Structure formats: structure tokens, C-alpha cells
Amino acid sequence: MKLSRLVLFFFLFQSCTIDETQKEGPSIYDYNEEITGQPINISIYESENIIYEINSDRLVDSLGSIILTGGVAIQVFNDKGLKTNDIFSEKAIVHSNTDSMSAYGNVEILSALTGDKLLTDKIIMFNTTQSVLSRDEILFINDGDSLTGYGFWSDFDMNNWRIDKPKGLMKKDDNE
């Protein structure tokens, strides 16, 4: 009985990845057990627009939020369906009660649009405002320059960004 439930659950989970033409079907919130795969592929839509494509090794439903672990790779899309970022982390949480997702542990964001890179330990992504927030120490690489500090805010496109508490010294000297 338990094996047949597991097999059924596996086939239902495999249908979670939705292609461009099929936008209705099971949601990751429909699963209430732990899933392990090599890797698990998930697409998350809001209305007709894709927001995230996620790959991870493990998915767990924890009090309504989805925890993803093991080589988490997330592709983020804007409201026009263009990929804006690739995000890599050790763990991610899709928060079911809000419009956000968090990523933890060796977080790296690579902008598909600008080539900028953000390295930190934790970020929160807000779907409604399409923004990224970190309150931790960050390293931001922009146009070949490395900027460090604490606290970071950006839009999903990483065109508009802010480092709250920059640290270090920046100097430009054309005479050298």
C-alpha cells in the first residue's frame, strides 16, 4: 500500500513541471511528503506568467512552505517571461503564505541581463515587487568592480540596486 502511494506520488510530482502550453495542473503545494530526485524540476507560475524554474535534489513540505535542498538552482523570470537571474544556493524556501522565496547558504545570483554577480549567505525574493533583498554581508561584482558591504536591495533585473552599508575604499586615479 505504501509503495503504491509512493509510486502514485512520484508520477503526480513528475507532472508538476509545466511546459509553455500547459499552465494548469498540480502545484508544488499539493504534495505533503518528502520527495527526493536527481534532480527535482519545478516550474512556478503566477497567472499565465512563469516566475521560477527550480532544480534541487530534495523537496519537503514543512507547514505549508516548500523547502528545497541539495544543489538548488533557480531561474527567475520577469513579467514578460524573460530570464533575469540564475540563483544558486544550498537551500531555498518557497513561502506559501506570502509572495516570496528565500535562498540560504553560499547564495550566488548571476544576472542574465547585466552579467552582475551577487554573493551572500541569504536573500529574499519578493514576486509582487520583483525585488531582491539581503541583510547579510555581500560581495557585488558590477562591470568588473567588486563592491562589499552589508545589506543589498535590487530589482529582479539588477538594473537598479543599492548597498546599504558599503565598506572599504574606492579610488580612481587616471595617473597610474
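Across the protein chains, with a 1.4 Å probe defining accessible surface, the residues 104, 52 rank 104, 52 from largest area downward. Solvent-accessible area per residue in segment 63-176 equals 54 Å², computed with a 1.4 angstrom probe and all protein chains kept.
Rounded to the nearest whole Hz, the Karplus-based 3J(HN,Hα) values (6.51 cos²θ - 1.76 cosθ + 1.60, θ = phi - 60°) of segment 44-55 follow the sequence 10, 10, 10, 6, 9, 9, 6, 10, 9, 10, 10, 10, with x at glycine and proline. Around the amide H of residue 45, modelled in the peptide plane, lie the amide H atoms of 51, all under 5 Å away and 5 or more residues distant in sequence or on another chain. Scanning residues 5 or more positions from residue 85 or on other chains, those with amide H under 5 Å from its amide H are 76, 112, with H placed 1.01 Å from N in the peptide plane. Backbone geometry of segment 67-83 corresponds, through the Karplus equation with coefficients 6.51, -1.76 and 1.60 at θ = phi - 60°, to 3J(HN,Hα) couplings of 9, 10, 9, x, x, 6, 10, 10, 9, 10, 10, 8, 5, 9, x, 8, 5 Hz, x marking Gly and Pro. Sorting 83, 165 by solvent-accessible area of protein heavy atoms yields 165, 83, largest first, with a 1.4 Å probe. Amide H contacts of residue 96: 65, 66, each under 5 Å away and 5 or more positions distant or on a separate chain (H built 1.01 Å from N in the peptide plane; Pro and chain starts excluded).
The values are calculated or read from the model by the stated rules, or taken from the named source; none is laboratory data. Being a predicted model, the structure only gives us computed values, none of them experimental. Ligands, DNA and RNA are excluded from the accessible area calculation, which covers all protein heavy atoms including side chains. Shrake-Rupley method; radii C 1.70, N 1.55, O 1.52, S 1.80 Å.
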